[in-house]
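The values are calculated or read from the model by the stated rules, or taken from the named source; none is laboratory data. Values in this document were obtained by computation on a predicted structure and should not be read as measured data. A quick note on method: Cβ atoms are made from the backbone with ideal geometry, for glycine too, and the neighbour counts reach across all protein chains shown. With ligands, DNA and RNA removed, areas are computed over all heavy atoms of the protein, side chains included. Shrake-Rupley method; radii C 1.70, N 1.55, O 1.52, S 1.80 Å.
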Amino acid sequence: MKPEISNHRRDFPMLTRKMHGQPLIYLDNGATTQKPLTVLNRMDQFYREEYATVRRGVYGLSQKATEACIASRETCRRFLNARSADEIVFTKGTTEAINLVAASYGRKFVQAGDEIIISEIEHHANIVPWQRLAEEKGAQLRIVPVNDQGELIFSAFEKLLSPKTRIVAIAHISNALGTIHPIREIIAMAHKAGAVVLIDGAQAAAHMNVDVRELDADFYCFSGHKTFGPTGIGVLYGKLALLTAMDPYQCGGDMIDEVRFEKTTFAPPPAKFEAGTPPIAQIIGLGEALRYIEAIGREQIAAYEHELLLYATEALRRIPGLKIIGEAHHKAAIISFIMDGVHPHDIGTILDSQGIAIRAGHHCAQPTMRRFGVPATARASFAFYNTREDIDELIKAVSSVRKVFGP
Ligand SMILES: *Cc1c(COP(=O)(O)O)cnc(C)c1O
């Protein structure tokens, strides 16, 4: 017998602390994830015993730090099954990765009259950079609608695709609703129309297998802090030919080949997109986090979290006056819900007083809220360290909200 996946809960110091005298039940993994000891220890060790800058030093410490960053980039390559580590660009996170592509690929290759397609249920990070780009270029932003379950309407997507489509940008998993989009089909269709595709993998990377070559994604990005790693670091995968064709994003040290006052030439990717001293400890911490996930196994994680989703969905549905927003057939372990007569913020506050952390608000997805006619939702989002007992506590607490506010 394989040990229960949730035994890994013990690896997370935060999950042993109390909130308002109660054991912390952390159900806001869609916003950010807790950190395992192995990541904390690795970063602590780096700062205490190995700290030095990278790429510049001839001294041993700097060389060792450089090697650690190279190893981490290789881990990211393996994690996404990219062809080459040169296709892995370190960014601050998903938001910066999308901004990089919009600024660098978009500014060079999108022209007046072109079209950029996104879905109706994107995170603001996958809306606003494209909107700004479209405004700047006189291009059009086209929106693929979703049905009442929160699933992309494929026929509408097909209709929107045309030779004018330059970029299709879509989440792998919706952070607000949990919908898992059929991105392999989306990518194939977009490619047929001659568009490049960016996948916002912020909600997917830690929760399911991602193989960028099998998907044939042109760009794929995620954030370290949502994959049990540190803040301030994320990954942009891009096909080498695309990265090579793109202009630099920010300029400064480390991204150049040769600098003369007349003209500067740039380093090849990924260095071209990584101006300045990188977040060294975060890069090393991210590598450790991804190795930790790999050791547990993303298929195992996905299967376990799916069980949690089914268990929680069924229990929540039994609570009178509660409505789940987003009931896609393919769904990740993210549940958005509302309750008759109770504002989601009040649900969040009452749950917090019982040590349960959920998110309440628009989840950086205001158009999604508008589509479903709600100002906000309460959202419970799970990770492999959550258990059925956590869900039982959630259900008890949400039921008690009904008793406070209910008719
Ligand atoms: C969290 C999230 C982002 C933004 O990630 P940052 O880490 O804040 O840059 C973008 N898209 C989705 C789907 C997300 O869940």
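Structure above, values below:
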read-out	value
Unsatisfied cross-links (Cα-Cα over 19 Å) in the set Lys159/Lys192; Lys239/Lys263; Lys108/Lys164	Lys239/Lys263
Beta bridges by DSSP in the range 41-295, antiparallel share as percent, to the nearest 5	45 percent
Taking the chain and dividing mean pair separation by its residue count, relative contact order in percent (alpha carbons under 8 Å, at least six apart)	23 percent
Å² per residue, accessible surface of the chain at 1.4 Å	43 Å²
Listed residues Ala190, Leu215, Thr277: farthest to the positive end of the dipole of the chain (Cβ charges)	Thr277
In the range 238-272, chymotrypsin sites (Phe, Trp or Tyr not before Pro) in a DSSP loop with at most 14 other beta-carbon atoms within 10 Å	Phe261
For the range 1-152, alpha-carbon Rg relative to the globular expectation (2.2 N^0.38 Å, N residues)	1.45
Mean Cβ count within 10 Å, highest first, over the residues of peptides 34-47, 94-107	94-107, 34-47
Residue-averaged 222 nm ellipticity for the chain, from DSSP H runs of 4+ at -39500 (n - 2.57), nearest 500	-10500 deg cm²/dmol
Rotationally averaged projected area of the range 41-295 (alpha carbon convex hull; nm²)	14.3 nm²
Carbon and sulfur %, accessible surface of the range 41-295 computed with the full protein complex present, 1.4 Å	51 percent
Surface/4 of the Cα convex hull for the range 313-363, nm²	4.0 nm²
Degrees separating the helix 183-192 axis from the principal Cα axis of the chain, which is the longest one	40 degrees
Rounded to the nearest 20 debye, dipole of the range 302-407 from Cβ charges on Lys, Arg, Asp, Glu	400 debye
Principal-axis tilt of helix 388-405 within the chain, Cα atoms, nearest 10 degrees	60 degrees
Cα point-scatterer Debye curve for the range 263-407, base-10 log of I(q)/I(0) at q = 0.09, 0.17 Å⁻¹	-0.41, -0.98
Relative pair counts by distance (%), Cα atoms of the range 169-210, 5 Å bins	5, 25, 31, 21, 12, 6, 0
Compactness of the range 362-404 as Cα Rg over 2.2 N^0.38 Å, two decimals	1.47
Whichever lysines have a C-alpha closer than 29 Å to that of Lys403, once near sequence neighbours (fewer than 8 apart) are set aside	Lys18, Lys323
The range 305-398: trypsin sites (Lys or Arg not before Pro) in DSSP coil with no more than 11 other Cβ atoms inside 10 Å	Arg318
Degrees separating the helix 60-80 axis from the principal Cα axis of the chain, which is the longest one	60 degrees
Kirkwood Rh in Å, taken over all unlike Cα pairs in the range 279-322	12.9 Å
Extension gain, Asp247 back to Ile70 (0.36 nm per residue minus Cα-Cα distance, nm)	61.4 nm
Projected-area average for the range 104-222 over all orientations - Cα convex hull basis, square nanometres	6.8 nm²
For the chain, size of Cβ-based charge dipole, Lys and Arg +1, Asp and Glu -1, in debye	260 debye
